[in-house]
Amino acid sequence: MESSGSGLTFKLHPLVILNISDHYTRVKCQLQPPQSSASVHSNGGGSSDHSSLPSSSSSPSPDQVQVPPRVYGCVIGVQKGRTVEIFNSFELLFDPETNTLDRTFLDKKQELYKKVFPNFYVLGWYSTGHDAMESDMHIHKALMDINESPVFVLLNPSINHAQKDLPVTIFESELHVIDGIPQLIFVRASYNIETVEAERISVDHVAHLKPSDGGSAATQLAAHLTGIHSAIKMLNSRVRVLHHYLVAMQKGEIPCENSLLRQVSSLLRRLPAMESRKFQDDFLMEYNDTVLITYLAMLTNCSSTMNELIDKFNIAYDRHSRRGGRTAYI
């Protein structure tokens, strides 16, 4: 698929990705049928006729394999010049028989959002799937009366552990002449993730939520350390790529490009200088402060335990001395 040549800069906010993911998860959970207990009763009973069971009970037929659902919605935001910033989204009703959106519902939702966010406009729509399909162009054309050049945000819900980038693709529509006939086609557009302070706090809160299965603090710590390890591992691999590139350029294996060298130099200046004197002083100061706080906490805990022990000893000795006619305190 071709890349976009419109020159627009797209900024996507994390709230849009969370909304699409939440929409897909809810629809998928609602479509999953409840686990039937008929097989349990038929296998657990004493007089079950196995010959009456269908042959497909052990292995589902291809018709019974559930197709992942697709969800649809609108994305809203602002466009300032050549910059398109997508802030939020809302769900839409889709009719699978006619492959059309419920326009009445769309107009109502747009009117409600216009009252709350008067500066936001409908920039396009979103859906889920692996890639854009031909039927998506009908929905895309139906929204052109609201926005003459809508965008299409596609979220791929399948999990690919080897993929490092976000499974989100933004498409634009361009008019191309194919076999002498002008046609609208989808072209990929590059985008950047843009966040505000409220979104950063929300995403951090979601990332640190306690697992629903009652996971302990150790489980959360292990997940946190795993995330840090993955980030360090990725940083190490990227630095290694830059190192190999510079070595190959120094050996003359690849041509020298000053623009790339300037970018590499700016990136390297962002990395912490681990061997500098200032880093050693700051590191030792922070380490000593942490150790002192740990020692202070231990001393406070020991002092509290000792006070509790003294109070208990005084109470016990006071009762014993009253019986013997003497009173003594520590």
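Here the stretch 121-164 is treated as an ellipsoid with the same Cα gyration tensor; its semi-axes, largest first and in whole Å, are 25, 12, 6.
Provide the packing ranking of 279-290, 239-250, i.e. peptides ordered by the mean count of other C-beta atoms within 10 Å per residue, highest first.
239-250, 279-290
Simple point charges give the picture: +1 on the Cβ of Lys and Arg, -1 on the Cβ of Asp and Glu, and for the stretch 72-166 a dipole about the Cα centre of about 480 debye. Amide hydrogen proximity for residue 124: with H placed 1.01 Å from N in the peptide plane, the residues at 5 or more positions away or on another chain lying under 5 Å are 75, 151.
In the stretch 234-303 the Cα-Cα distances spread across 5 Å bins starting at 0 as 3, 13, 14, 14, 11, 10, 8, 8, 6, 5, 4, 3, 1, 0 percent of all pairs. Loop-located GluC sites (Glu not before Pro) across the stretch 70-119 with a Cβ neighbour count of 14 or fewer within 10 Å are 97, with loop assigned by DSSP. Karplus-derived 3J(HN,Hα) values for the stretch 232-247, using 6.51 cos²θ - 1.76 cosθ + 1.60 with θ = phi - 60°, are 5, 5, 5, 4, 4, 5, 5, 5, 5, 5, 4, 5, 4, 5, 5, 5 Hz; glycine and proline are entered as x. Each other residue within a Cβ distance under 15 Å of residue 104 adds +1 if Lys or Arg and -1 if Asp or Glu, for a net charge of -3. For residue 233, the lysines whose Cα falls under 22 Å of its own Cα, not counting residues fewer than eight places away in the same chain, are 164. For the stretch 70-195, the pair-distance distribution built from all alpha carbon pairs, in bins 10 Å wide starting at 0, is 11, 42, 34, 11, 1 percent. Computed 3J(HN,Hα) for the stretch 81-95, one whole-Hz value per residue from the Karplus formula 6.51 cos²θ - 1.76 cosθ + 1.60 where θ = phi - 60°, is x, 9, 10, 10, 10, 9, 9, 8, 7, 9, 7, 10, 8, 10, 9, glycine and proline marked x. Only Cα sites of the stretch 79-126 enter the Debye sum here, all with the same form factor; the resulting log10 I(q)/I(0) across q = 0.26, 0.32 1/Å is -1.04, -1.28, listed in q order.
Rule-based calculations on the coordinates, nothing more; no lab input. Please read all numbers here as calculations on a predicted model, not as lab measurements. Here the Cβ is made from the backbone with ideal geometry for all residues, glycine too, and neighbour counts use every protein chain on show.
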